[in-house]
Amino acid sequence: MNQGAPDRPSSDDLRIALEEVRAAGLAALAQTDDPAAVGSLRSGLLGRSGRLTALLREIAHAQPSERPALGRLANEVRAELEATLDDRQRVVRREALQRQLAAEAIDMTAPGRPVAAGHLHPLMTAEREVREIFHGFGFEVIEGPEIETDEMNFERLNIPPDHPSRDLWDTLYVAEPGSVEAGAPRPAEDGTILRTHTSPVQIRAMKALKPPIRVVIPGRCFRYEAVDAGHNFEFFQVEGLVVDRETSLADLKGTLEAYARAMYGPETRTRFRPGYYPFTEPSVAFDVGCVVCAGEGCPACQRTGWMTILGAGMVHPVVLRNGGLDPELYQGYAFGMGLDRMTLLRYGIPDLRLLMGSDLRFLEQFSDGR
Ligand code: PHE
């Protein structure tokens, strides 16, 4: 076996190698421009298996007389590389931060983006105003079902089947179960319909509450209508009902006049005209001076200067009895108004279909802050 002198690395080779590591390290560092690259250069030179580390191990095997000089050189190279790595790392980090800040810059002077909050539909704004006015008069608000029975919607309101006045309320019927599928739709046998007005809730209120009764009843109603700019199969009413021991037409008139002034202004002119409803006797139509032309005469009021805003009257004795109250003891008045036309007039909207469409570009114009 070869028992010759140990295979010592030549010190000249080591010196050259150290200088090469120094030169190559410094050159590579000058080219790096991101912190991760500086990190991997550091471990490639000074880490456990780095090039300089490997050379240090070899110096341990060099001629003993050469080792101190080689060691000094190696330390000098290591110190220079470490210092340069640290400097470069600082510079490269600062540059990276500046690039990131520039990319993520926030324009503090840009206007804020508004929070997209919804608002009430203009019809509901109108409904709330009516409710609030009557609330101020001491009325409470109740509601009733949109799907009613023929009995409540008509019969108990003194409108018998086949009575000609039913033509006033063209009805949408709920179909008898199975009849649509069988290809022969017909009205439900139990008389289920969509309510044509809020008046059936009068009966419900009389049954549920004890006089004195003082309620307003807002709600959605339905009629079998050909839809056009002024008509819809679906619309909104507010009903009013007062039942007490001594309630007169004068109370009705005073209440409606106070309502009209609260809604349309203190100068609003009002008038009663005779009307007809099977469930009130006497019945009236209540007019206010045209809200568009203030009485001058314009297309909106058919040049009369007046607009009918509601129907009303003294609750018919038969209706009181159908509500479970004794007409010898109690009298009452009732009124019913539509919200749709009122809302069109208020905003100058020419067509109901705009109001009932769900186009936000249109509806968002009418928030009234609510
Ligand atoms: N219910 C009637 C309608 O829809 C309005 C009305 C209500 C009239 C109450 C008199 C009393 O036309």
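What's the center-to-center distance, using Cα atoms, between the range 226-254 and the range 286-341 in Å? Here the answer is 6 Å between Cα centres. For the residues 133, 159, 16, a 1.4 Å probe over the protein chains yields an accessible-area ranking, largest first, of 16, 133, 159. Solvent-accessible area of residue 222, all protein chains in place: 30 Å² (probe radius 1.4 Å, heavy atoms, ligands and nucleic acids excluded). Given the C-alpha centroids of the range 11-83 and the range 177-204, what is the distance between them in whole angstrom? That distance is 96 Å. Measuring between their Cα centroids, the range 151-174 and the range 345-366 lie 31 Å from each other. Placing +1 on each Lys and Arg Cβ and -1 on each Asp and Glu Cβ, with no other charges, gives the chain a dipole about its Cα centre of roughly 1200 debye.
When the alpha carbon coordinates of the range 11-100 are projected onto the principal axes, the ranges are 53, 18, 15 Å, largest first. Overall, the accessible surface of the chain at a probe of 1.4 angstrom is composed of carbon and sulfur to the extent of 52 percent. Largest to smallest in accessible area, the residues 316, 119 fall in the order 119, 316 (1.4 Å probe, all protein chains included).
Sorting 360, 344, 172 by solvent-accessible area of protein heavy atoms yields 360, 172, 344, largest first, with a 1.4 Å probe. Applying 1/(1 + (r/R0)^6) with R0 = 25 Å to the Cβ-Cβ distance of residue 253 and residue 329, what FRET efficiency is obtained, to the nearest 0.05? Step by step, r from the Cβ atoms, then E = 0.65.
For the chain, 221 have no disulfide-compatible partner, since no other Cys C-beta lies under 4.7 Å from theirs. Rolling a 1.4 Å probe across the protein heavy atoms gives the range 11-100 an accessible surface of 60 Å² per residue. For the peptides 245-251, 109-115, 32-38, the ranking by mean Cβ contacts within 10 Å, running from highest to lowest, is 32-38, 245-251, 109-115.
Counting heavy atoms of the protein chains alone, residue 94 has an accessible area of about 140 Å² for a 1.4 Å probe. Rolling a 1.4 Å probe over the protein chains gives residue 165 an accessible area of about 10 Å². For the range 122-366, a/c is not less than 1.5, where a ≥ b ≥ c are the root eigenvalues of the C-alpha gyration tensor, and a/b does not top b/c. That puts it in the oblate class.
Here is the list for the range 130-173: GluC sites (Glu not before Pro) lying in DSSP coil, each with at most 16 other C-beta atoms within 10 angstrom of its C-beta, are 143, 146.
The values are calculated or read from the model by the stated rules, or taken from the named source; none is laboratory data. Being a predicted model, the structure only gives us computed values, none of them experimental. Counting neighbours? That spans all protein chains shown, and the Cβs are built from the backbone with ideal geometry, glycine included. Heads up: the accessible areas ignore ligands, DNA and RNA and are worked out on the full protein's heavy atoms, side chains in. Shrake-Rupley method; radii C 1.70, N 1.55, O 1.52, S 1.80 Å.
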